[in-house]
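Enquirer: The structure follows.
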Amino acid sequence: MEIAGSAALVTGAGGGLGAATAAALAARGVTVYGLDLEKAVAGTTAPDGVTLLPADVTEESGVREALARI
């Protein structure tokens, strides 16, 4: 399956498995938007092709605000 040129939204992208998933997708040519808590995103350097956005995914309003920035 070809995924290059598509876009993905990855939660927990500020570290751990979320960060690894975001980086792997970006390496395959996917434009990645990564959501994570403000404290997880602050000071984190995103891999090429990944845009980190602070958002608490347990709050609908926070997710809506993050998506509005895409």
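Enquirer: Quick check: net charge around Gly12, other residues with Cβ under 12 Å of its Cβ, Lys/Arg +1 and Asp/Glu -1?
Expert: On the way: positive: none; negative: Asp36, Asp56.
Net local charge, Gly12 excluded: -2.
Enquirer: Got a number for carbon plus sulfur as a percent of the chain's accessible area, 1.4 Å probe? Display every interim value, and only then the final one.
Expert: Numbers: 2390 of 4340 Å².
C and S atoms contribute 55 percent here.
Enquirer: Taking the solvent-accessible surface of protein heavy atoms with a 1.4 Å probe, what is the per residue accessible area of the stretch 11-70 in Å²?
Expert: On the way: 3580 Å² over 60 residues.
With all protein chains present, the stretch 11-70 gives 60 Å² per residue.
Enquirer: Moving on to the next point. Find out how many positive minus negative residues lie around Arg28, taking Lys and Arg as positive, Asp and Glu as negative, among other residues whose Cβ is under 13 Å from that of Arg28. List each step's numbers first, then the result.
Expert: Working: positive: none; negative: Glu2, Asp48.
Net charge around Arg28: -2.
Enquirer: With +1 on each Lys and Arg Cβ and -1 on each Asp and Glu Cβ, how big is the dipole of the chain about its Cα centre, in debye rounded to the nearest 20? Numbers along the way, then the final one.
Expert: Numbers: 4 positive and 8 negative charges, 32 e Å.
That gives the chain a dipole magnitude of about 160 debye.
Enquirer: Taking the Cα atoms only, what angle lies between the long axis of helix 16-27 and the longest principal axis of the chain, rounded to 10 degrees?
Expert: Helix 16-27 sits at roughly 40 degrees to that axis.
Enquirer: Let me ask something additional. Please give the peptides 10-23, 44-57 ranked by average Cβ packing (other Cβ atoms within 10 Å per residue), highest first, as a rough proxy for protection. Each step should come with its number before you reach the end.
Expert: Values: 10-23: 18.6, 44-57: 16.6.
Sorting 10-23, 44-57 by mean packing, highest first, produces 10-23, 44-57.
Enquirer: Positive end of the charge dipole of the chain (Lys, Arg +1 and Asp, Glu -1 on Cβ, about the Cα centre): tell me which of Gly18, Ser61, Val50 has its Cα farthest that way.
Expert: Toward the positive end, the furthest listed residue is Val50.
Enquirer: A follow-up question, please. Can you give the longest run of the chain that contains no GluC sites (Glu not before Pro) sitting in a DSSP loop with at most 16 other Cβ atoms inside 10 Å? Before the final figure, lay out the partial values.
Expert: Working: sites that count: Glu2, Glu59.
By the stated rule (loop sites, at most 16 other Cβ atoms within 10 Å), 3-58.
Enquirer: Please work out the ratio of the alpha-carbon Rg of the stretch 8-70 to 2.2 N^0.38 Å and round it to two decimals. Mind showing how you got there, number by number?
Expert: Details: Rg = 10.6 Å, N = 63, 2.2 N^0.38 = 10.6 Å.
With N residues counted in the stretch 8-70, Rg over 2.2 N^0.38 Å equals 1.00.
Enquirer: Another question, if that's okay. For Ala55, what charge total do you get from the other residues with a beta carbon under 11 Å from its beta carbon, if Lys and Arg give +1 and Asp and Glu give -1? Mind showing how you got there, number by number?
Expert: Values: positive: Arg64, Arg69; negative: Asp36, Glu38, Asp56, Glu59, Glu60, Glu65.
Overall, the nearby charge balance is -4.
The values are calculated or read from the model by the stated rules, or taken from the named source; none is laboratory data. As the structure is a computational prediction, the values presented were derived from the model and not from experiment. Because the Cβ atoms are built from the backbone with ideal geometry, glycine has one as well, and the counts that use them run over all protein chains shown. Ligands, DNA and RNA are stripped out before the accessible areas are found, and what is left, the full protein with its side chains, is counted by its heavy atoms. Shrake-Rupley method; radii C 1.70, N 1.55, O 1.52, S 1.80 Å.
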